[in-house]
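Here is the structure we will look at, set down as structure tokens.
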Amino acid sequence: MRRSSLLVVLLLSAACTSTRNAPADLVLRGGRIFTGVEAAPWAEAVAIRGERIAAVGTAAEIARLVGTSTRVVELEGRVAIPGINDAHVHAPWFSEPTTAARPAQERATKEELLDAIRTAVAGAAEGSVIAAELPLHLVDAGLTRDDLDGISNTRPIRVAPLGGHSAILNTAALRAWGIAEEAKDPLGGWYGRGNDGRLNGWLYEHAYWMPQKQQAERASDEALRAAIREFEQEALRHGITSVQTYPIVGAARTEALLASIQPALRWRTIELRVPPYTSRAGTRGPVKYILDGTPIERSAAMQNAYADAPSMTGRLNYSAAEIEGMVRDAASGGGQLHVHAVGDRAIAAVLDAMERTKADWPSLRLRIEHGDTTTPELAARMRKLGVILVQNPSHFTIAETMHARYGERARQAQPARSLVAAGNRFALGSDGPLNPFLNMFFAAIHPTNAAESLTVGQSLRAYTEGAAFAELQEREKGRIAPGMLADMAVLSQDIFAVAPPELPKTRSVMTIVGGKVAWEE
């Protein structure tokens, strides 16, 4: 019996040794490999076997794994990194055909914006919706539905400020979306009204998203698959190998579409819930709720008034009881909870509910998306509860608006560096321009709050191991180490050496997903 057991052990040991020494399928060498492993952050070469990393080390060590069928890629001094994992996207996105209206001047006046819309209406194809971005400096310009109706009461016109939490529509656009004059405010959103109670054309929060979702859901599977493929190709060119998405058409439909096309990326879909709020206890999929708005509309829920509007403190989209219900669902098996919370009152409402609800919160990894007004006191509470904060560097670029809205409080706004230094769980997602190296540039200069800027290394870690932890995949992704998934990108330039303004020019010359080359220049 002992001899038989010993023989089994010896055979297993020999098999493991043989596997370890078997030739690699792919070897990268001759460059600098950023591993993301704290004890050994740099290596000379990496070997990949199947979908996983077989070995990482010196060129001499990896040379022993090169066989006759091994593909060897000479990096020629280039830097290779773990695949970028974008922790916050909204793909696939789909909307009706639009004709863009753009004023010639960057700081256009209200009249110049309306002139651009008139020009777009005159040249638009039949059936096209006229869409314009409302410059942030015109948010308070008093634009109304009547202004847009004066241009056209038959062609739908939609004007939306940066941020995606509000829009103003003319009568034709309201009618196309089925919004009647007597419409009541939906849960989680509201309609703007004049002093006479009449709709003024403004839609906020869920009042804006619900018709967008209904419209997107009418898109054909073929159109949505095309949107997915287009998104994937852009992502791969940026060295992105994983995305965590809040699709407007819903998680279940997106997952079915992905299953039908053999996706090139790794996708994690999170259900973006729209009203009414319902309990999800016992379900397993991740879910997101949007608790408040943004500083652009002054709808981020703040403890104190806005500096430029002393009568306004923003508003919560849900009651304290509903927020506590979301938290209790997460504690009782309702899947990972993601919450959009920008204002300090919204952040505190989540933390208060968590502290009232007994659960092993660090293991449940509740996520706060954005968290722009996280104070040091709120950050300490988040750290204790194991809350993950996912930031979006493109949001750092609205410095003028942030300082106008928050005044002195802007000196603490949009924290990043302080959270990393204090040990808070932290990740990055785009929620805007997809290019991660453009976002690293925004993080490096942090226009709103330079004291919270990140180094390239900190941004990269937040985009890789931080994002992997945020999706409970830190044992599979985020580092270049033996046994991890072979998701990597070879970069066109050394992001650790170039000046910050050069970062956006970076591209991936080779993107590897699961050991297979998914993109190559």
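The values are calculated or read from the model by the stated rules, or taken from the named source; none is laboratory data. Since the structure is predicted, the reported quantities are computational estimates derived from the model, not experimental observations. Here the Cβ positions follow ideal geometry from the backbone for every residue, glycine too, while neighbour counts run over all protein chains shown. Protein only, heavy atoms only, side chains kept; ligands, DNA and RNA dropped before computing areas. Shrake-Rupley method; radii C 1.70, N 1.55, O 1.52, S 1.80 Å.
Less than 5 angstrom separates the built amide H of Ala518 from those of Thr511, Ile512, Val513, all sequence-distant by 5 or more or on a different chain. The stretch between Asp360 and Ala309, if pulled fully straight at 0.36 nm per residue, gains 14.3 nm over its current Cα-Cα span.
Rounded to the nearest 20, the size of the Cβ-charge dipole of the chain about its Cα centre is 1800 debye, with Lys and Arg at +1 and Asp and Glu at -1.
Karplus-derived 3J(HN,Hα) values for segment 130-136, using 6.51 cos²θ - 1.76 cosθ + 1.60 with θ = phi - 60°, are 7, 10, 9, 8, 7, x, 4 Hz; glycine and proline are entered as x.
Indicate the gyration tensor shape class of segment 365-448 (rounded, prolate or oblate), computed on the Cα atoms with a ≥ b ≥ c the square roots of the eigenvalues: a/c under 1.5 is rounded; otherwise a/b larger than b/c is prolate and the rest oblate. Note, shape of segment 365-448 comes out oblate.
Roll a 1.4 Å probe over the protein chains and send me the accessible area per residue for the chain in Å².
42 Å²
When a 1.4 Å probe is rolled over the protein heavy atoms, the share of accessible surface on the chain that falls to carbon and sulfur comes to 52 percent. Taking amide H positions as modeled 1.01 Å from N, with prolines and chain starts lacking one, the residues under 5 Å from Gly314 and 5 or more places away or on another chain are Met302.
Estimated at 0.36 nm per residue, the fully extended path between Glu96 and Phe496 surpasses their Cα-Cα distance by 139.9 nm. Sorting 102-115, 438-451, 332-345 by their mean Cβ neighbour count within 10 Å, with the most densely packed peptide first, gives 332-345, 438-451, 102-115.
Comparing Ile398, Ala421, Asn435 along the charge dipole axis of segment 379-473, the residue lying farthest to the positive side is Ala421, per the Cβ-charge model. Averaging over all projection directions, the Cα-based convex hull of segment 175-265 occupies 7.6 nm² in the image plane. Cross-link partners among aspartates and glutamates for Lys110, C-alpha distance below 14 Å, same-chain residues fewer than 8 apart left out? Correct list for Lys110: Glu133, Asp140, Asp146, Asp147. Over segment 60-211, all Cα pairs binned in 5 Å intervals from 0 give whole-percent P(r) values of 2, 8, 15, 17, 15, 10, 6, 3, 3, 4, 4, 5, 4, 3, 1, 0, 0, listed from short to long. The overall shape of the chain, judged from the alpha-carbon gyration tensor, is prolate: a/c is not under 1.5, and a/b is greater than b/c.
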